[in-house]
Each structure stands twice: as C-alpha cells, then as structure tokens.
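This report refers to the structure that appears directly beneath it.
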Amino acid sequence: MTPETSAEAALKWLHYKGRIDEKTLKLTPYQGHYEGLRRYNAKRTAPGIPPGADYANAVLNNAWASYGDDWQQ
C-alpha cells in the first residue's frame, strides 16, 4: 500500500465513522471531524495517546500543535 492509498483509505474511514449512528448502525449526515475521530479508534489506543484518553481531542490537539504557532497569526 502506498502512502497516498493509506491516507485516502484513512480519510474515507474517518468520513464513514463520522456518519454512522452508533445505536442503529445506519448512515446519517456527516457529524463532523470530532465525532468521526471519536468513533474512528474508540476501542484501541494509539502511540503517544494514553489509554482512556479522549482520542479525538488528542489527535486534534496533536494536529494543531504540528502547525506551530506561526500559522495562527
């Protein structure tokens, strides 16, 4: 798998997870990045993110931090 294919697959899975209703397992309108990330990896841990942490917030915070402070100005 190429990096491009991997990234495309991850984004499609994120979009799917942002649409799935957890109770009915039916697709709904997209609920946003936070909900998608929250559901994306809900049962697993990821490197650098402690068990029990809010995965979605950790990913979003890491992404935000990766831009550095200069881009915000």
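Coordinate-derived values only; no laboratory data. Note that the coordinates shown come from a computational prediction; the quantities given were computed from them, not determined experimentally. In this analysis, Cβ positions are derived from the backbone assuming ideal geometry, glycine residues included, and neighbour counts consider all displayed protein chains.
Summary of computed values
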| read-out | value |
| --- | --- |
| Amide H partners (placed H, <5 Å) of ILE20, local residues excluded | THR28 |
| Proxy reagent accessibility, fewest Cβ within 10 Å first, across HIS33, HIS15 | HIS15, HIS33 |
